[in-house]
Structure formats: structure tokens, C-alpha cells
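The values are calculated or read from the model by the stated rules, or taken from the named source; none is laboratory data. Bear in mind that the values here come from a model prediction, so they are computed numbers and not experimental data. We place every Cβ from the backbone using ideal geometry, glycine too, and count neighbours over all the protein chains shown. Note: accessible area is taken over every heavy atom of the protein model, side chains too, but ligands, DNA and RNA are not part of it. Shrake-Rupley method; radii C 1.70, N 1.55, O 1.52, S 1.80 Å.
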Amino acid sequence: MILMKKFILLFSLTLFAGVIQGFSQSGDQLEDLCFNSAGQDVTYLKDFVVKLPRSMDKQHQPIAKNSVLLRKNTTYRFTICNAEKSEGKGILQLFDTNRMLASNFNPKSGKLYQSFNFKCNKTGLYSIFILFKDGKSGSAVGIMSYVKK
């Protein structure tokens, strides 16, 4: 009986480890694809993997928040890629304190871009917000890269 319980526990742990590994591989694949779409003129710096639920109302939309240190006189490229089965389309926004500096979404045209460049004019801490258009649920990865001169 004890041997059977140990076998079931070992089998369950092995199965669980395989599931976790499978999820990480698919996330890694999305990150690789996204980095490759950022262009040949960049060096990878950091990624932001996001999975958010559907918004219950327009006032309280789920947002993933990250902080990054950016250096003056450096150009960065921010790229966002949606998971294949993501319901929502990712929006990446760059903030300095309370002011939005750049985004891949143009509210006037309603168009989403895969990436945007940002030339930093002041060394400091910046915030990156990732959310999904129209409050839909979604999975995406954002990539921060250094643009080579």
C-alpha cells in the first residue's frame, strides 16, 4: 500500500513537471519569435510575459506593470507579440511618472503597431504597462531591446 502511494506521488510529480516544462517551452518560443520580429539592428535586454483575464468593466482593466531603468541618449525598441490563441491584442505603454511617453497603440486611428522606438532623454526609472485592447483576456510577451547605432 505504501509502495503504491509513493508510485502515485512520483508519477504525479513527474507529470506536473512535464506540464510546467511544456508551458515554459511555448512561452520561450513566443519570446524567440517576438525577439526575431524586433529586427536585426537590436540587442535583447529584457522580456515581459503577460497573461491577463478579461476586464469586468472599463474602469478596472487588468494591467501588468513593470519598472525599467533607461539611460540617457540610448534608443530602445519595445516590441509586443500576442500568443496565437490570445483573445485580446496587446498594448504596450511607456510611462515616465504619470505621463505616457510612447505606445504601440494610436487611439486616433485605432491602429496597433508591433513595435516602437524610444530615444531616452533622461536617465531614470520608467514604467511599462501592458494591457489588452477592449479589456479582452490575453497572453503576450513584450520585448525591450537596445537599438544598435
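Any residue at all in segment 106-125 that's part of a strand (DSSP E or B) and open to solvent by less than 20 Å² (accessible area, probe 1.4 Å)?
Taking segment 106-125 as the starting set, the residues that turn out to be part of a strand (DSSP E or B) are 106, 111-112, 115-119, 124-125.
Subset that is open to solvent by less than 20 Å² (accessible area, probe 1.4 Å): 124.
Within segment 106-125, one or more residues are part of a strand (DSSP E or B) and open to solvent by less than 20 Å² (accessible area, probe 1.4 Å).
Is it the case that SER139 is farther than 25 Å from SER55 by Cα, of a type in the set (S, T, N, Q) and buried (at least 16 other Cβ atoms within 10 Å of the Cβ)? Against the criterion (farther than 25 Å from SER55 by Cα, of a type in the set (S, T, N, Q) and buried (at least 16 other Cβ atoms within 10 Å of the Cβ)), SER139 does not qualify. Only a single criterion out of (1) surrounded by 15 or more Cβ atoms within 10 Å (Cβ to Cβ); (2) in a loop (DSSP other than H, G, I, E, B) is not satisfied by LYS85, namely (1).
Taking the conditions exactly as written (open to solvent by less than 80 Å² (accessible area, probe 1.4 Å), among the aromatic types (Phe, Trp, Tyr), farther than 21 Å from GLN59 by Cα and part of a strand (DSSP E or B)), does PHE129 satisfy them or not? Give the derivation first.
Details: open to solvent by less than 80 Å² (accessible area, probe 1.4 Å): yes; among the aromatic types (Phe, Trp, Tyr): yes; farther than 21 Å from GLN59 by Cα: no; part of a strand (DSSP E or B): yes.
Criteria not met by PHE129.
Okay, residues lined up against (1) open to solvent by less than 100 Å² (accessible area, probe 1.4 Å); (2) within 28 Å of GLN114 (Cβ to Cβ); (3) out of contact with any Lys or Arg (no Cβ under 6 Å at 6 or more places or on another chain); (4) modelled with pLDDT of 50 or more:
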{"position": "ILE2", "(1), (2), (3), (4)": "no, no, yes, yes"}
{"position": "ILE8", "(1), (2), (3), (4)": "yes, no, yes, no"}
{"position": "LEU30", "(1), (2), (3), (4)": "yes, yes, yes, yes"}
{"position": "PHE35", "(1), (2), (3), (4)": "yes, yes, yes, yes"}
{"position": "ASP41", "(1), (2), (3), (4)": "yes, yes, no, yes"}
{"position": "LEU45", "(1), (2), (3), (4)": "yes, yes, yes, yes"}
{"position": "HIS60", "(1), (2), (3), (4)": "no, yes, yes, yes"}
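Do we find that SER55 is farther than 18 Å from LYS85 by Cα and at pLDDT 50 or above in this structure? Answer is no for this residue. Filtering segment 28-43 to residues that are part of a helix (DSSP H, G or I) and not aliphatic (A, V, I, L, M) leaves ASP28, GLN29, GLU31, ASP32, CYS34, PHE35, ASN36, SER37.
PHE78 - would you say it is free of Cβ contacts under 8 Å to residues at least 40 places away in the same chain, open to solvent by less than 100 Å² (accessible area, probe 1.4 Å), over 15 Å from LYS133 (Cα atoms) and assigned to a strand (DSSP E or B)?
On the way: free of Cβ contacts under 8 Å to residues at least 40 places away in the same chain: no; open to solvent by less than 100 Å² (accessible area, probe 1.4 Å): yes; over 15 Å from LYS133 (Cα atoms): yes; assigned to a strand (DSSP E or B): yes.
When the stated conditions are applied, PHE78 does not pass them.
For segment 44-75, the tally of residues that are farther than 23 Å from TYR126 by Cβ and either assigned to a loop (DSSP other than H, G, I, E, B) or in contact (Cβ under 8 Å) with a residue 24 or more places away in the chain (or both) stands at 6.
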